[in-house]
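Down below is the structure, laid out as structure tokens.
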2 protein chains.
Amino acid sequence: MAGEGDVKLLGAAVSPFAVLARMALEMKGVRYEYVDEDMGNKSELLLRSNPVHKKVPVLIHHGRPVCESLAIVEFVDEVWDAAGPSILPTVPYQRATARFWAAYTDGKLFPAYFGIQRAATETERAEKVREMVEVISQLEAALANGKKPFFAGDRVGYLDIVVGCHLFWLEAFSGMFGVALVDASKTPLFAAWAERFGEDEVASKGVVPGADKVVEYFKKKRQDNPAAGTAAK
Amino acid sequence: MAGEGDVKLLGAAVSPFAVLARMALEMKGVRYEYVDEDMGNKSELLLRSNPVHKKVPVLIHHGRPVCESLAIVEFVDEVWDAAGPSILPTVPYQRATARFWAAYTDGKLFPAYFGIQRAATETERAEKVREMVEVISQLEAALANGKKPFFAGDRVGYLDIVVGCHLFWLEAFSGMFGVALVDASKTPLFAAWAERFGEDEVASKGVVPGADKVVEYFKKKRQDNPAAGTAAK
């Protein structure tokens with residue numbers, strides 16, 4: 001197992017971005033201590049390590065913090081480069097394509113689905129669902145272009161984990177809001193990819209929480225602050 | 001001069017992100033054809049090359065498009081790695097730090113200053129100016145931490161161009177809206193850095209438009225569509 005050094009990850013149970021950082025560490029077989037932060041009562045270590053955003057995930061390597069999930073994945077891939085297959089593609093053009101789609105996913109996917117639960121009206125919610133469907137259609141097209149089981153080839157790589165870390169939220173939201181966000185009849189390649197990704201022993205199994213954790217999270221949020229309750233079913 | 005291959009950059013005169021891509025190409029001494037797009041009447045080549053966003057910049061290398069300015073900079077650094085000093089730092093921890101700040105700048109700086117000119121009310125404008133000041137204060141702190149003339153050392157590198165490509169907009173807006181966005185009395189390190197960056201022969205001189213180009217751009221926009229006029233002075 002790689003990474004006998006001093007590696008700590010500050011995460012939070014339902015944070016897809018913390019799950020992404022864990023997926024990268026798992027893919028490289030890095031031994032690390034996982035610290036689950038209470039985001040309602042952040043630790044001094046988190047506040048000191050990520051003073052700009054005060055958010056998880058933060059990877060602490062030999063006492064020095066790395067913040068931003070995409071930067072963490074690249075860092076893990078570079079520091080433990082010999083510890084396992086490269087997470088990013090190794091050819092510059094394919095790396096650039098993967099980074100393009102990662103930026104797209106990062107900028108669009110989370111805001112769209114997070115917007116579904118924040119929507120104040122049904123019209124707003126329908127708009128956010130439409131945005132989600134658009135993002136997934138674009139990813140469907142990327143899979144169609146690649147013609148491979150995963151985004152950049154025959155095994156799980158960078159874009160797979162960047163998208164895949166959100167799947168448990170999509171599953172939870174499908175139940176909570178009665179909208180099928182991953183729909184084999186509309187985006188069959190994406191649906192088949194999601195199934196394959198969920199079965200991956202290294203990246204997916206073990207670090208992906210069940211969709212029920214997201215449902216619980218919102219239940220607790222509503223109990224703590226009923227006035228701000230989401231309109232989840 | 002590096003890059004005898006087939007390299008084309010689709011840009012637009014006042015796009016800071018196109019300027020960023022050009023800075024990377026200049027730093028590596030890559031020979032490229034620059035194509036100035038009319039964003040009101042986009043070329044078939046642009047629409048075909050960036051079907052997802054339909055935006056500049058797009059770098060076309062041997063007929064294959066690379067989109068998203070940060071992905072373009074990394075691509076240029078990787079493809080022409082032997083053509084000049086590395087644009088990104090070469091040490092993983094410093095690369096991660098540079099990527100963190102690049103993501104921060106990309107996510108915060110442009111939306112803040114673009115918001116200044118889109119603001120419908122004085123209150124909204126003041127809020128966007130406040131956001132800008134916050135971003136620049138954070139970058140001031142990053143410079144203070146680094147204790148170097150540029151963000152990652154003694155010469156212009158990744159984060160310098162990621163931030164520096166916006167300076168001509170900040171200069172234009174200072175005049176247009178009467179707010180000093182780069183203010184030596186409040187953020188002396190950032191102001192001194194901006195001056196040093198502007199004097200850099202390779203990254204800055206030659207590819208950075210004058211602030212007057214931004215002023216002209218908004219004048220033309222108002223003439224073409226007076227109803228949507230900005231509140232610029």
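Throughout, read-outs are computed from the coordinates displayed, never taken from laboratory work. These numbers come from a predicted model, not from an experiment. Cβ sites come from the backbone with ideal geometry, for glycine too, and all protein chains shown count toward neighbours.
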Residue-wise, which Karplus ³J(HN,Hα) couplings in Hz belong to the range A:125-131, taking 6.51 cos²θ - 1.76 cosθ + 1.60, θ = phi - 60°, and x for glycine or proline? 4, 4, 5, 5, 5, 4, 4
Can you give me the convex hull volume of the Cα atoms of the range A:7-79, divided per residue and expressed in Å³? 78
Highest-fluctuation residue, A:47, A:25, A:70 considered, GNM on chain A with Cα pairs under 10 Å: A:47
In terms of modelled amide H atoms, which long-range or inter-chain residues lie less than 5 Å from the amide H of residue A:165? none
Exercise: per-residue mean of other protein chain Cβ atoms within 10 Å, B:58-69: 3
Taking H placed 1.01 Å from N in the peptide plane, check which residues at least 5 places from residue B:58 or on another chain put their amide H under 5 Å from its amide H. B:10
Classified through the alpha carbon gyration tensor (a ≥ b ≥ c as square roots of its eigenvalues; rounded if a/c is under 1.5, else prolate when a/b is larger than b/c, else oblate), the range A:92-219 comes out prolate
GNM, chain B, Cα, under 10 Å: largest mean-square fluctuation among B:223, B:138, B:94? B:223
In Å³ per residue, the alpha-carbon convex hull of the protein assembly as shown encloses 163
Quick check on the exposure proxy: order A:105, B:123, B:97 from fewest to most C-beta atoms within 10 angstrom. B:123, A:105, B:97
Calculate how many DSSP beta bridges within the protein assembly as shown are antiparallel, expressed in % of all such bridges and rounded to the nearest 5. 65
Hey, got the dipole for the protein assembly as shown? About the Cα centre, +1 on K and R Cβ, -1 on D and E Cβ, debye to the nearest 20? 820
Chain A, Gaussian network, Cα under 10 Å: of A:124, A:74, A:171, the residue fluctuating most is A:124
Measuring from label point to label point, each 7 Å out along Cα→Cβ, what is the residue A:201 to residue A:39 span in nm? 3.2
Through the Karplus equation 6.51 cos²θ - 1.76 cosθ + 1.60, θ set to phi - 60°, convert the phi angles of the range B:79-91 into ³J(HN,Hα) values in whole Hz; use x for Gly and Pro. 5, 9, 5, 8, 7, x, x, 4, 6, 6, x, 9, 8
Dipole in debye (nearest 20) - chain A, about Cα centre, beta carbon charges: Lys, Arg +1; Asp, Glu -1: 440
Whole-Hz Karplus couplings 3J(HN,Hα) for the range A:146-156, θ = phi - 60° and coefficients 6.51, -1.76, 1.60, Gly and Pro as x, run x, 6, 10, x, 10, 4, 10, x, 8, 9, 5
State the three equivalent ellipsoid semi-axes of chain A, derived from the C-alpha gyration tensor as the square roots of 5 times its eigenvalues, in descending order and whole Å. 27, 25, 14
Take the Cα atoms of the range A:127-180, build their convex hull, and give its volume per residue in Å³. 78
So, over other residues within a Cβ distance under 12 Å of residue B:167, counting Lys, Arg +1 and Asp, Glu -1, the net charge is -4
If every alpha-carbon in the range A:1-123 counts as one equal scatterer, what log10 I(q)/I(0) does Debye give at q = 0.09, 0.16, 0.17 1/Å? -0.29, -0.84, -0.92
Before anything else, pin down the relative contact order of chain A: Cα pairs under 8 Å, at least 6 apart, normalised by residue count, whole percent. 20
In the structure shown, of B:147/B:220; A:28/A:219; A:54/A:147; A:148/B:54; A:147/A:219, the pairs separated by more than 30 angstrom at the C-alpha atoms are B:147/B:220; A:28/A:219; A:54/A:147; A:147/A:219
Report, for the range B:7-79, the % of DSSP beta bridges that are antiparallel, rounded to 5. 65
Shape call, the range A:153-220: gyration tensor on alpha carbons, a/c limit 1.5: oblate
With runs of 4+ DSSP H residues as the only contributors, calculate the mean residue ellipticity of the protein assembly as shown at 222 nm using -39,500 (n - 2.57) per run, divided by the residue total and rounded to the nearest 500. -17000 deg cm²/dmol
Lys, Arg +1 and Asp, Glu -1 on Cβ, resulting dipole of the range A:92-219 about Cα centre, debye, nearest 20: 300
Averaging sequence separations of C-alpha pairs under 8 Å and six or more residues apart, then dividing by the length of the range A:1-130, give the relative contact order as a whole percent. 23
To the nearest Å, what is the center-to-center distance of the range A:17-91 and the range B:160-226, using C-alpha atoms only? 35
Determine, for A:31, A:118, A:125, the number of other Cβ atoms within 10 Å of each Cβ, and report the residues in order from fewest to most. A:31, A:118, A:125
